[in-house]
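Trainee: The structure that follows is given in the form of structure tokens.
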């Protein structure tokens, strides 16, 4: 089903930053699941990984006084 790929991509995108830090210390756990690679999984992964950067992007456009 397309929604399961979207949800898996979203979950893996949210946990990608934590997994990236674990990779620095030598883990072999994959960040991006190539077995589920498809358009809905990629879209969910993009949303999940970018959602954690959204507060920084929204704050950057404001004028500081």
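Laboratory data are not the source of any read-out in this text; all were calculated from the coordinates shown. If you're wondering where the values come from, they're calculated on a predicted model, not measured in any experiment. Cβ coordinates were reconstructed from backbone atoms using ideal geometry, including for glycine residues, and neighbour counts include every protein chain displayed.
Trainee: Please express the Cα-Cα pair-distance distribution P(r) of the chain as a list of whole percents, one per 5 Å bin, running from 0 to the bin with the greatest distance.
Mentor: Result returned by the calculation: 4, 18, 21, 18, 15, 10, 7, 4, 2, 1.
Trainee: Next question. Which value at 222 nm does the chain reach when only helices count, each DSSP H run of 4 or more adding -39,500 (n - 2.57), with the total divided by all residues and rounded to the nearest 500 deg cm²/dmol?
Mentor: The helix contribution divided over the chain gives -19500 deg cm²/dmol.
Trainee: Among 35, 51, 16, whose mean-square fluctuation peaks in a Gaussian network model of the chain (Cα, cutoff 10 Å)?
Mentor: Taking springs between Cα atoms under 10 Å, the residue moving most is 35.
Trainee: Return the distance in nm (one decimal) between the two label points of a simple spin-label model at residue 1 and residue 47, each offset 7 Å from Cα along Cα→Cβ.
Mentor: 1.5
Trainee: Relative contact order for the chain using alpha-carbon pairs under 8 Å, separation at least 6, rounded to a whole percent?
Mentor: It rounds to 49 percent for the chain.
Trainee: Let me ask something additional. In what sequence do 43, 29 fall when counting other Cβ within 10 Å, fewest first?
Mentor: Sorted ascending by nearby Cβ count, the order is 29, 43.
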